[in-house]
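Undergrad: First the structure, then my questions, so here it is.
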Amino acid sequence: MEKREGDHPQPLSSMEEEPRGEERRGEERRGEREVGEDGGLRGRRKEESREEGWRNRGGEGEGGGGEWWNSSIMEIERQALVDGHGPNVSNAYTINGLLGDLYNCSSDGTYMLKVVPGETYLLRIINAALNNQLFFKIANHTMTVVAVDATYTDPMLTDVVVITPGQSVDVLLTADQPLASYYMAAHAYDSLGLAYDETITTGIIMYENATISTPLMPTLPASNDTSLAFYFYSTLTSLVNGPYWAPVPLEVDKHMFVTVGLGLTPCEGNDTCGAPLGLAYAACMNNQSFELPTKLSMLEASFYNLTTGIYTTDFPSDPSVVFDFTNTNWSNVLNKSLIMTPRSTRVTKLKFNTTVQIVLQNTALVGRENHPIHLHGYNFYVLAQGFGNYDPLTDPTMFNLVNPQKRNTLGVPVGGWAVIRFTANNPGVWLMHCHFDTHITWGLATAFVVEDGPTLETSLPPPPPDLPLCSNIPFSPYLTRRLGLEVYLLLAINIVMLDELLLLVKFTLRLCGPNLPAICANLALSLHISRLPLEFLENTPHNYRVQKI
């Protein structure tokens with residue numbers, strides 16, 4: 001089993017560069033010290049000249065890049081779900097919303113940053129692409145990583161950055177090269193080995209007072225260079241005693257072992273779909289394909305204790321079947337007893353301040369790849385990463401409990417595992433999911449329901465009165481707190497006793513005042529409002545009028 005302590009290439013890859021692209025013409029805008037470099041454009045954009053692009057982005061050069069499709073991404077995703085296969089790959093990548101020089105439609109679409117020799121710049125690189133991890137380089141320059149996901153790291157010198165969707169990496173760039181133009185470039189890190197967008201997006205670093213010339217092009221890593229990606233991801237460490245640093249919690253209250261990967265599910269309507277065996281693609285954690293509720297938000301359900309039919313708190317802490325998770329043998333890959341994935345909305349309930357440790361184990365079922373797992377509401381410590389199946393006897397010896405990197409999105413190595421730890425001190429309902437947009441749509445997710453703490457500051461406040469309703473139901477429960485009293489208007493419960501309902505509605509209207517939203521006619525079937533006495537309806541304050549139907 002290959003482990004982290006094995007030999008890995010240094011992050012400094014080849015510094016040989018080659019001229020590429022057209023000569024630069026036109027107005028260029030000077031960038032400021034803090035510059036956003038990557039990010040997401042998800043669909044068509046309006047054409048704009050380089051000069052317009054510079055002016056539109058303002059003095060700080062904020063913006064982003066990502067993926068580009070020549071059609072509506074919503075329609076692409078919808079069609080993929082209908083057909084049960086993966087979505088079409090993107091047509092291009094972008095940097096700050098511009099394609100760069102290497103596409104046949106991009107002569108006026110290249111992001112530029114003008115730098116002053118000797119100055120140091122903070123580049124905030126954000127990958128907001130939908131379905132691709134990216135390698136990012138700047139020709140003839142090295143970068144110093146100083147933060148990931150808005151948490152400080154020990155400075156790490158590198159000439160290449162690897163970044164998953166949902167991650168951010170802050171690097172320092174010193175303009176210490178001869179006066180010239182240099183491409184910044186990005187292309188995919190592909191760990192799956194199937195069809196992907198093989199194009200390259202570019203921006204330009206232009207030194208002040210440099211003669212206009214063809215920019216130098218960096219030599220990007222091979223798109224399947226997993227060793228380099230793993231080295232970058234696993235070598236980062238936290239800046240101990242830096243701002244907001246906190247030691248790793250050493251006592252663990254809850255241990256979880258969670259498999260992440262792809263599976264299959266029957267086609268709806270017994271049709272034939274585009275996944276293997278004529279089935280539809282699914283994605284899962286511990287063989288549970290997460291299905292978002294449609295009747296009520298999970299947070300409201302948790303707050304009002306109306307969870308029946310919304311979610312259950314029985315998400316398995318371990319996989320129901322233990323097998324050779326990373327074995328790519330066909331007896332594993334298309335074994336129906338392993339790959340068929342039920343849909344459910346199963347979550348894990350945690351008491352406030354519970355320390356959780358999760359082994360995230362990648363699987364090789366229906367393909368294997370690096371999955372960027374993102375946890376809402378928390379930063380977590382990354383204790384260790386490795387390849388193969390996690391070994392609970394030997395792998396804990398690799399845990400970094402001194403200065404592990406701390407972040408909110410982690411690329412679980414292809415054919416490997418990672419161990420994270422966090423303390424649940426933020427009440428609410430928090431999703432944990434793969435940040436590939438396709439995979440979360442397929443169900444690669446679960447959630448944590450964290451209970452309130454002992455104080456007002458550690459307790460979840462009630463939803464605002466004007467919280468939008470779920471689209472599939474005409475009502476939502478509301479809680480009003482006044483004069484120390486808690487009053488529930490149970491709109492989600494089908495109350496049979498008319499007298500109790502009448503008393504409840506009258507009392508709530510009197511006590512809640514303007515905090516109670518108007519009750520609409522379409523509540524009638526759920527609440528039997530059609531049976532309310534007419535005199536009650538006529539005497540209801542006009543702003544709370546209940547329609548008789």
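The values are calculated or read from the model by the stated rules, or taken from the named source; none is laboratory data. As the structure is a prediction and not an experimental result, all values here were calculated from the model. As a convention, Cβ positions derive from the backbone with ideal geometry for all residues, glycine included, and neighbour counts pool all protein chains shown. With ligands, DNA and RNA removed, areas are computed over all heavy atoms of the protein, side chains included. Shrake-Rupley method; radii C 1.70, N 1.55, O 1.52, S 1.80 Å.
Undergrad: Tell me, please, whether a residue that is touching a His at 6+ places or on another chain (Cβ under 9 Å), over 24 Å from K254 (Cβ atoms), surrounded by 21 or more Cβ atoms within 10 Å (Cβ to Cβ) and of a type in the set (F, W, Y) can be found in the range 275-298.
TA: yes
Undergrad: Looking at P178, P243, P165, can you tell me which residue is assigned to a loop (DSSP other than H, G, I, E, B), touching a strand residue (DSSP E or B) at 6+ places or on another chain (Cβ under 9 Å) and buried (at least 20 other Cβ atoms within 10 Å of the Cβ)?
TA: Result: P165 is the single residue among P178, P243, P165 that is assigned to a loop (DSSP other than H, G, I, E, B), touching a strand residue (DSSP E or B) at 6+ places or on another chain (Cβ under 9 Å) and buried (at least 20 other Cβ atoms within 10 Å of the Cβ).
Undergrad: Okay, moving on. Working only within the range 299-336, note down all residues that are closer than 22 Å to Y390 by Cα and among the polar types (S, T, N, Q).
TA: S317, S320, T326, N327, T328, N329, S331, N332, N335
Condition check ((1) over 30 Å from L239 (Cα atoms); (2) basic (K, R); (3) open to solvent by less than 30 Å² (accessible area, probe 1.4 Å)) across all residues:
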position: I95; (1), (2), (3): no, no, yes
position: D101; (1), (2), (3): yes, no, yes
position: N104; (1), (2), (3): yes, no, no
position: Y111; (1), (2), (3): yes, no, yes
position: L122; (1), (2), (3): no, no, no
position: A139; (1), (2), (3): no, no, yes
position: T158; (1), (2), (3): no, no, yes
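Undergrad: Which pairs have Cβ atoms under 7 Å, sit 6 or more apart or on different chains, and link a residue in the range 214-226 that is within 21 Å of I204 (Cα to Cα) to one that is of a type in the set (V, I, T) and open to solvent by less than 30 Å² (accessible area, probe 1.4 Å)?
TA: P215/I204; P218/I138; P221/V160
Undergrad: I would also like to ask the following. Can you confirm whether the range 273-281 contains a residue that is over 24 Å from the mean Cα position of the chain (by Cα) and more than 24 Å from F323 (Cβ to Cβ)?
TA: Yes, that holds for at least one residue.
Undergrad: Suppose we filter L483, L469, L479, L490 for residues that are open to solvent by 10 Å² or more (accessible area, probe 1.4 Å), at positive phi and at pLDDT below 90; which single one remains?
TA: Just one listed residue meets the conditions, L483.
Undergrad: Another question, then. Identify all residues within the range 181-217 that are under 23 Å from I126 (Cα atoms), part of a loop (DSSP other than H, G, I, E, B) and open to solvent by less than 10 Å² (accessible area, probe 1.4 Å); write none if there are none.
TA: Answer for the range 181-217, where residues must be under 23 Å from I126 (Cα atoms), part of a loop (DSSP other than H, G, I, E, B) and open to solvent by less than 10 Å² (accessible area, probe 1.4 Å): just D197.
Undergrad: Look at L134 and say whether it is under 28 Å from the mean Cα position of the chain (by Cα) and modelled with pLDDT of 90 or more.
TA: yes
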